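Report on the structure given below.
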Amino acid sequence: MDDSQVQDESIRIAHLAMLQGVISRMGANAFTLKALAATFGSAAVAVMSTVQTPSLYYAVAAAVPMIVFWLMEAQYLRLERAYRKLYDHVRKGEEVEAYSLEATAFMKETPSVLRLARSWSVSWFYLAIILPLGAVAILIFCGV
């Protein structure tokens, strides 16, 4: 290897490390959203089950943030997949500008947010929160 090849390889390795940092942050952000959703969902069930005068507004007020968290996590998953595609291009030595973190071109190759929201890794978690929330709301409003 001559000096230019060594330099190109070190640039590629540094670029991969930068991209791995971005991918790790996307995963950490998605995990944080799951933790927030679980906490918020548990708190919502607790509030709904202890309130003196139940209202449908409590259930709606609890469901809306859950849906927002659900879609935000799907967006993080979408971004993570786009960055993984960029990472793969850099790893293979394909033509990518050095140190570029621009993954917009790869967004076209990733599924939509709504499609990812329906994926098993995202939907089962949020359904496991929203369905008990709905069940508690039904039990409260039916007077059980």
Looking only at the range 1-35, which residues have a backbone nitrogen under 15 Å from a spot 7 Å from the Cα of Ala128 in the C-beta direction?
31-35
Principal axes of the chain: Cα extent on each, largest first, Å
79, 23, 19
Would you tally the net charge around Arg115, using a Cβ to Cβ cut-off of less than 14 Å, leaving Arg115 out, and scoring K and R as +1, D and E as -1?
+2
Let me know the charge dipole size of the chain about its Cα centre in debye, to the nearest 20, where only the beta-carbon of Lys, Arg (+1) and Asp, Glu (-1) is charged.
780
Among the lysines, which have Cα under 16 Å from the Cα of Lys108 when same-chain residues fewer than 8 positions away are ignored?
Lys85
Which of the DSSP-defined H helices in the chain satisfy a minimum axial length of 24 Å, computed from C-alpha atoms, and a minimum mean Kyte-Doolittle hydropathy of 1.0?
120-141
Can you find, among Met26, Tyr126, Val47, the residue sitting farthest towards the positive end of the charge dipole of the chain, where Lys and Arg contribute +1 and Asp and Glu -1 at Cβ?
Val47
Within the chain, longest stretch clear of exposed trypsin sites (Lys or Arg not before Pro) (DSSP loop, no more than 16 other Cβ within 10 Å)
1-91
Longest segment of the chain with no GluC sites (Glu not before Pro) in a DSSP loop having at most 16 other Cβ atoms within 10 Å?
1-93
Sort Met26, Met72 so that the residue with the fewest other Cβ atoms within 10 Å of its own Cβ comes first and the one with the most comes last.
Met72, Met26
So what's the gap between the Cα centers of the range 70-121 and the range 1-56, to the nearest angstrom?
14
Going by how many other Cβ atoms sit within 10 Å of their own, how do Ser123, Ser49 line up, fewest first?
Ser49, Ser123
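Computed from the coordinates by the stated procedures, all read-outs in this text should not be read as laboratory data. Quantities reported herein were computed from a predicted structural model and do not represent experimental measurements. Note that we place each Cβ from the backbone using ideal geometry, even for glycine, and neighbour counts take in every protein chain shown.
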